[in-house]
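I have placed the structure first, in the form of structure tokens, so that the comments after it can refer back to it.
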Amino acid sequence: MKLITVFPLLLAAVLTLSACSDGGSTPTADKTPASEAPKTLTIGLAQYPSTMHPNIETMVAKSYVRGFLARSMTYFDADWNLVCGLCVQLPTLENGLAVLEETPDGKQGVAVTYTLPEGVTWGDGTPLTTADVAFAWEVGSDTKTGSNNLEMYTRGYQLDVVDARTFTLHINKLTFDYNHLGDLYPLPKHLEAEIFAEDSYEYRHRTNYNANTTEPGLWWGPYLIADTQQGTSVTLKKNPHWYGKAPYFDQVVIRAIQNTSAMEANLRSGTIDMIAGELGIHLDQALAFQKRHGDEYNIIYKSGLHYEHIDLNMENPILQDKRVRKALMHSIDRQLISDLLFQGRQPVAHGSVNPLDTIYSDNITKYEHDTAKAIAFFEAAGWTEMKEGIRYNAAGDALRLEIMSTAGDKTREKVEQVLQSQLKVVGVDLRIRNEAPRVFFGQTTRERKFSAMAMFAWISAPENVPRSTLHSSEIPMPENNYAGQNYSTINIPELDAAIEALEHELDTSKRLPIWERIQQIYSDEVPVMPLYFRANSYVMPKWLKGLRPTGHLDQSSNHAEYWHREEAGTQG
Amino acid sequence: MTRFLLMRGLQSLVVLAVMSFVIYGLIGLMPGDPIDLMISSDPKMTAADAARLRTLYGLDIPLYERYWNWLLSALSGDLGYSRLFGQPVLDVLFPALRNSLMLLGTAFFMAVVIAIPLGTLAAAKPRSATDYSVNLLAFAGISIPSFWLALMLIMFFSVTLGWLPAGGIAPDGSSFLENLRFIVLPAITLTIVSIGSYSRYVRSSMLEVLRQDYIRTAKAKGASGRRIVWLHGLRNAMIPVVTILALDFGFLFSGALVTETIYSWPGMGKLIFDSVMGNDFNLALVALLFATAVTLLGNLLADLCYAWLDPRIVVGGDET
């Protein structure tokens, strides 16, 4: 009988815990029709942002949430134009806000002047001034704080405060993107200075952005953080001090749902209103969803700067021969892959530059699917003999290659299988060996432990100089502790020179031919096999208007104040 | 008894020390580090930046040295900060622990309350329709993958009927009923999965007990079937079941990764998984050590329960 008495006690304990729990901030997830709660937008995101500090650590989920809360000095808009996020006019050499100057060590530099918009304040009403910008610069320049993009702080060797709204940044290197300050977010000096002054090393732990995220004075965007439920949701409310266009939604709730099937179920149940394209469901899942429920939602597929490709290990003796690389390109039918697996939503890539980018050149070598050409290239390279469907060279070596990618990624696994079957037709024995993403990115690509092919994607901003991926100085080696991202070990002096020239050419019209040459070298030398540009899938209610997917690193939430509800037949 | 408790305490400390080293080592030996993860999402990151961040996070020193530094800090009461969440480890751990305890405690309680009578009923009438029905339900519960069951429950109760939320946790200051609405589906999922194995254990243990001489004696003395089963039988049948329950006691504090992920329930399972995958040494280590400590405690409680259930068992004695 004593045993029986334990159960009510246990139940009481559990229920008490449940009742006493402060729960969290996730909104009531009733299946309430959206029409009854017009001022709340609930968004599903596949990841929860960890640290909220705008200048420490890069993470897609954080960038997405940050778009609602703050804007960098400059950013790329949905039309891929560089615009002001926190300045009244984009400084250029033409308008005189950028002036060429000599650096103290005699090099060519540039002084760029930014002016903050009038009336901009922190969420607690404190004016946001250049003192906050200077403070952010001080924090970022301190190597102990762990800020991202240290190069930006190194290049800008001096920041002069002109007045409360104007400051000048002196840059020690003149590059065409001299006026882009995409990684600089002001920090509230009145809240953070004391913490930083106490111990700059501990700052990243003690900052209010981690310890007190709902403090309104931390943000100055259209929304403020009202509440957070760690690992689950972030609730945003309107910023009463926002100086720009007033947002339509009173409240935005961002819910982290890691499992994509559960994400879909949440959408169907009305628990969330939309799935963010930046970090939501996979394309194949979105396509299947569209077939079932497409008429009830507005589904947008935005192809952009997610460049899916195969890095070739140029140290592999087989792949050192350019003819083999060209043969491989002719062997695979990328259009078929795009049509078959992605219903044509992910356009074939002919290089690393997206045709949507203004620097794209069409005057490059394109490799159509042509097995006859592929075989001709293979035979010219000495792979002439066929035994049991596999090509051999005179030395008796089999044309056998290994492709590696991230295990568990269904799309990539399907693509690998198609590539395997297409290459088999021309006598290439392609073996698939996938690894957990952590191993693949943490060791295999970084230490170049893939013997032949590594399939993955890069995401970038418009007109992104490919120094880190194509310049020979960025080849990961034991000597540089495997730093750098030139995993294919591309070492082409002409390409290096073009990249260096590109960075310093200010005239857009003169930059275009350099860009074209880079794209031509890339397509002629085939150090990398371009596959396609990935598309983000935005699943939205039909009443949501004003959301413009960008297709690049600066996300759609940077225009959150333009999102609104508009029923069919009404004007919003 | 005191000597027994002291010895078990000492053993537990040794186990925890060894576990801390093993866990730290295993996480550290996994390929890749947080900076690699940052690089993969930011092609702009320069080699110099990566090297600087590795130094800042202490990733450029040997693993044993990092472990030693952590141990010294932990012994001085400083468990450090979570790298992923940028907050003190305990500030991250406690909310997740509370959520897990709430969910798994409810599921554990429901599973025990349902499974014990079911298993006992099945054993009391072996090879009867009741027995076959209980067995069928038990095997179904054991066989159904929790993620599938969770999705089916969401589809039915959230999407089709719209009665319950598809996931998440109740908002701040919600009423008891509101909290209950959020916990129902994940708790049912875990309960169904657990009932199967618990009821099978109870049934087999009960069958064994009902064959014992003292049960026959009780029957000869004219005790009613109900009294024999529920009073004489159940108490003795609980001894092996307590072992299983004790082992699952640790599970209450270590979370249920799959169910928590599907229902976006911010519990320990998800937290431990994220911290291990994100190379958050401090958080992963403390969370896993806590789960280890609770499992050890559960086993200690089980030993004490044996003596309570069967007075012939002497805790810490040479004979049982």
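Some points to look at:
- Which of A:Gln320, A:Asn464, A:Trp242, positive extreme of dipole for chain A (C-beta unit charges): A:Gln320
- Projected-area average for segment A:115-256 over all orientations - Cα convex hull basis, square nanometres: 9.5 nm²
- Degrees separating the helix B:89-124 axis from the principal Cα axis of chain B, which is the longest one: 20 degrees
- Cα-only Debye scattering, segment A:438-515: base-10 log of I(q)/I(0) at q = 0.11, 0.18 Å⁻¹: -0.34, -0.79
- Cα long-axis angle, helix B:234-249 against chain B (0 to 90 degrees, to the nearest 10): 10 degrees
- For the protein assembly as shown, the mean residue ellipticity at 222 nm estimated from helices alone is -14000 deg cm²/dmol, where every DSSP H run of n ≥ 4 contributes -39500 (n - 2.57) and the total is divided by all residues, rounded to the nearest 500.
- Taking each of A:Lys322/A:Lys387; A:Lys62/A:Lys410; A:Lys39/A:Lys542; A:Lys62/A:Lys237; A:Lys326/A:Lys366; A:Lys414/A:Lys449 in turn, the alpha-carbon distance tops 19 angstrom for A:Lys322/A:Lys387; A:Lys62/A:Lys410; A:Lys414/A:Lys449.
- Distance from the Cα centroid of segment B:184-226 to that of segment B:233-257 is 14 Å (rounded to whole angstrom).
- Whole-Å distance, taken between Cα centres, linking segment A:345-392 and segment A:75-117: 41 Å
- Heavy atoms of chains A and B lose about 6300 Å² of accessible surface on contact, summed over both sides with a 1.4 Å probe.
- Rounded Å value of the spacing that divides the Cα centres of segment A:206-249 and segment B:84-114: 27 Å
- Take the Cβ atoms of A:Asp362 and A:Glu503, set R0 to 25 Å, and the FRET efficiency comes out at 0.60.
- For the options B:Ala124, B:Ala302, B:Ala48, a Gaussian network treatment of chain B with springs between C-alpha atoms closer than 10 Å singles out B:Ala48 as fluctuating the most.
- Charge dipole (segment B:54-121, unit charges on Cβ, about Cα centre) - positive-most of B:Leu84, B:Tyr64, B:Thr120: B:Thr120
- DSSP beta bridge pairing in segment A:306-534, given as percent antiparallel to the nearest 5: 70 percent
- Note: relative contact order over segment A:219-336, using C-alpha pairs below 8 Å and six or more positions apart, is 12 percent.
- The mean of 1/r over all distinct Cα pairs in the protein assembly as shown, once inverted, gives the Kirkwood hydrodynamic radius of 30.6 Å.
- Its Cα centre serving as origin, the protein assembly as shown has a Cβ charge dipole (Lys and Arg +1, Asp and Glu -1) of approximately 4360 debye.
- Accessible-area composition of chain A, carbon plus sulfur, in percent [1.4 Å probe]: 51 percent
- Straight Cα distances below 30 angstrom link A:Lys107 to the lysines A:Lys144, A:Lys173, A:Lys510, B:Lys44, with same-chain residues fewer than 8 positions distant left out.
- Beta-bridge orientation, the protein assembly as shown: approximately 80 percent antiparallel, per DSSP, counting only bridges with both partners inside.
- Comparing B:Gly86, B:Gly141, B:Gly173 in a Gaussian network model of chain B where C-alpha atoms under 10 Å apart are linked, the largest mean-square fluctuation is found at B:Gly173.
- Once Rg and the Kirkwood radius are both taken over the C-alpha atoms of segment A:486-554, their ratio Rg/Rh works out to 1.15.
- Diffusion of segment B:150-287 by Stokes-Einstein, at 4 °C in a medium of 1.567 mPa s and with Rh set to the Kirkwood radius over alpha-carbon pairs, works out to 71 µm²/s.
- Share of carbon and sulfur in the accessible heavy-atom surface of chain B [1.4 Å probe, %]: 69 percent
- For A:Lys545, the aspartates and glutamates whose Cα comes closer than 14 Å to its Cα, not counting residues fewer than 8 places off in the same chain, are A:Asp273, A:Glu561, A:Glu566, A:Glu567.
- 10 Å binning of all Cα-Cα separations within segment B:43-140, expressed as whole percents from 0 upward: 12, 21, 18, 14, 14, 14, 6, 1
- Dipole-positive endmost among A:Leu100, A:Gly85, A:Gly140 within segment A:81-204 (Cβ charges, Cα centre): A:Leu100
- Isotropic mean projected area of the C-alpha convex hull, chain B (nm²): 22.3 nm²
- With all pairs of separate Cα atoms included, segment B:82-214 yields a Kirkwood hydrodynamic radius of 17.0 Å.
- Point-charge dipole on Cβ atoms (K/R +1, D/E -1) for segment A:306-534, about Cα centre, debye to 20: 660 debye
- Dimensionless Rg over Rh [segment A:104-161; C-alpha; Kirkwood]: 1.03
- Of the DSSP H helices in chain A, those whose Cα atoms cover at least 20 Å axially and whose Kyte score averages -1.0 or more: A:2-20, A:410-425
- Segment A:306-534: mean projected area of Cα convex hull, nm²: 12.6 nm²
- Label-to-label distance for A:Lys424 and A:Lys449 is 2.9 nm, based on points extended 7 Å past Cα in the beta-carbon direction.
The values are calculated or read from the model by the stated rules, or taken from the named source; none is laboratory data. Just so you know, these numbers come straight off a predicted model, no measurement behind them. Cβ atoms come from the backbone with ideal geometry, glycine included; neighbour counts cover every protein chain shown. To get the accessible areas, we keep the full protein, side chains included, count just its heavy atoms, and leave off ligands, DNA and RNA. Shrake-Rupley method; radii C 1.70, N 1.55, O 1.52, S 1.80 Å.
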